[in-house]
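Worksheet for the structure shown next.
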Amino acid sequence: MISLNTISLPDDLIWADEFGWTPVRQNQDVSLSGALIVEEAAQQKGRPITLTGNDEVWATRATIEALYALAQQPATPMALTLHDRTFSVLFRHGEGALEAQPVVAHSNPDASTYYTLTLRLIEI
């Protein structure tokens with residue numbers, strides 16, 4: 001089961017960037033003597049969570065509208081349940097928090113019209 005707050009999401013969404021981030025941050029500099037200075041620390045939060053189904057996983061317009069309404073609330077922590085894991089997240093607005101395209105274009109779509117979906121979140 002995948003959900004964002006109380007909104008059920010398609011179970012086939014994948015976490016596209018799950019292993020593309022590491023909490024280790026590194027700063028390198030060279031001292032006046034020419035020695036390499038390396039500083040490392042673990043970033044406590046900030047892991048990106050991009051959920052997508054590419055063009056193969058669809059959500060209804062009703063789900064997209066609920067997500068869109070949720071994305072309009074600034075700085076609101078949300079609970080993301082991703083199968084057996086739970087994360088506290090925010091939308092990544094700077095990268096396009098929600099992307100949805102109709103599977104088949106309709107001039108007057110209803111709540112059951114299907115859309116592709118990509119959600120861009122960040123763990124807090």
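The values are calculated or read from the model by the stated rules, or taken from the named source; none is laboratory data. A quick note: this is a predicted structure, and the numbers were derived from the prediction, not measured. Cβ sites come from the backbone with ideal geometry, for glycine too, and all protein chains shown count toward neighbours.
So here's what we get for this one:
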item	result
Selection count, the stretch 28-41, where residues are surrounded by fewer than 10 Cβ atoms within 10 Å (Cβ to Cβ) and under 27 Å from the mean Cα position of the chain (by Cα)	1
In the stretch 47-75, residue surrounded by the most Cβ atoms within 10 Å (Cβ to Cβ) [restricted to those that are among the polar types (S, T, N, Q) and farther than 16 Å from I7 by Cα]	T50
Residue tally, condition closer than 29 Å to D110 by Cβ, among the charged types (D, E, K, R) and modelled with pLDDT of 95 or more, over the stretch 54-94	2
Hits in the stretch 105-122 - residues which are over 13 Å from H93 (Cα atoms) and either under 9 Å from the mean Cα position of the chain (by Cα) or surrounded by fewer than 16 Cβ atoms within 10 Å (Cβ to Cβ) (or both)	A105, H106, S107, N108, P109, D110, A111, S112
Subset of the stretch 46-102 [over 15 Å from T116 (Cβ atoms) and part of a loop (DSSP other than H, G, I, E, B)]	G46, R47, Q72, Q73, P74, A75, T76, P77, H83, D84, R92, A97
Residue tally, condition among the polar types (S, T, N, Q) and touching a residue at least 60 places away in the same chain (Cβ under 8 Å), over the stretch 86-124	2
Test: residue in the stretch 39-53 that is among the polar types (S, T, N, Q), at pLDDT below 95 and over 15 Å from R120 (Cα atoms)	yes
Qualifying residues in the stretch 95-106 (those that are at pLDDT 95 or above and out of contact with any Lys or Arg (no Cβ under 9 Å at 6 or more places or on another chain)) - the one nearest to W21 (Cα to Cα)	Q101
The stretch 11-27 - residue that is of a type in the set (A, V, I, L, M, F, W, C) and within 15 Å of N54 (Cβ to Cβ) and, of those, surrounded by the fewest Cβ atoms within 10 Å (Cβ to Cβ)	I14
